[in-house]
1. Tell me the angle of helix 80-90 to the major Cα principal axis of the chain, expressed in degrees between 0 and 90 and rounded to the nearest ten.
2. Which of the following values of Cα extents along the principal axes in Å was calculated from the structure shown: [x] 50, 44, 34; [y] 49, 40, 39; [z] 56, 35, 30?
3. Under a plain spin-label model, where a point goes 7 Å from the Cα along Cα-to-Cβ, how far apart in nm are residue 107 and residue 1?
4. Taking the Cβ of each residue in 169, 1 as the centre, tally the other Cβ atoms inside 10 Å and list the residues starting with the fewest.
5. Under the rule of -39500 (n - 2.57) per DSSP H run of 4 or more residues, summed and divided by the residues of the chain, what mean residue ellipticity at 222 nm is obtained, to the nearest 500 deg cm²/dmol?
6. So how do 170, 82 line up by other beta-carbon neighbours within 10 Å, fewest first?
7. When ranked by the protection proxy of mean other Cβ atoms within 10 Å per residue, highest first, what sequence do the peptides 69-76, 22-29, 175-182, 204-211 form?
8. Treat each spin label as a single point 7 Å out from the Cα along the C-beta direction, and report the residue 71 to residue 170 distance in nm.
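Nothing in this text is a laboratory measurement; each read-out follows from the coordinates by a stated rule. From a predicted model like this one, the values you see are computed outputs, not experimental measurements. Note: ideal-geometry Cβ built from the backbone for every residue, glycine included; neighbour counts use all protein chains shown.
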């Protein structure tokens, strides 16, 4: 089951997301992300968070269409996006696409990216999509689909990534260690339509910048 989560960051063209909003997709708005869903001409299935960014008029409008409202106190430990991700996982989502998670406040942007490492998302295909860019976590082995010329960055999280092997890229790796801190893994380039990355120990944040946006998770 696919879930689309709209966060409250920047989303340049909400209309471009409409093709992702299939009838069988669970559409979740994290608090102020409701504005992006409405701008796309859709209605969220669920709105979750402390609702501080939701006006009474908007709340009344979406409640009238059957949207589920899940309200939390502003004095909570989790961000609204974290609550949305946990809800999607509980609902049985096997794929989660996060939109509007970047831009604006730097602290929120970094925290949003790090949420990809939530234990509850283990085994769930979870990625942040921003136009032609997408970000996801690699903790064992994965295939990356794109076009030759697409930019690939592999950034270790939480410590060194050991035993990194990357094939199908301009600068391949073979059982290498990517150190936490140095930028060695930034701006590699796809040489084939599919690359393969494996890491024996640690986690890699993989960021793909597609030359063609058709690969950016509408696939």
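1. 80 degrees
2. [z]
3. According to this spin-label approximation, the distance is 3.4 nm.
4. Details: 169 19, 1 12.
Ordered from fewest to most neighbouring Cβ atoms within 10 Å, 169, 1 come out as 1, 169.
5. Taken over the chain, the calculation gives -4500 deg cm²/dmol.
6. Placing the least packed residue first, the sequence is 170, 82.
7. Details: 69-76: 10.8, 22-29: 17.4, 175-182: 14.1, 204-211: 20.2.
Per-residue Cβ counts within 10 Å, averaged per peptide and sorted highest first, yield 204-211, 22-29, 175-182, 69-76.
8. According to this spin-label approximation, the distance is 5.3 nm.
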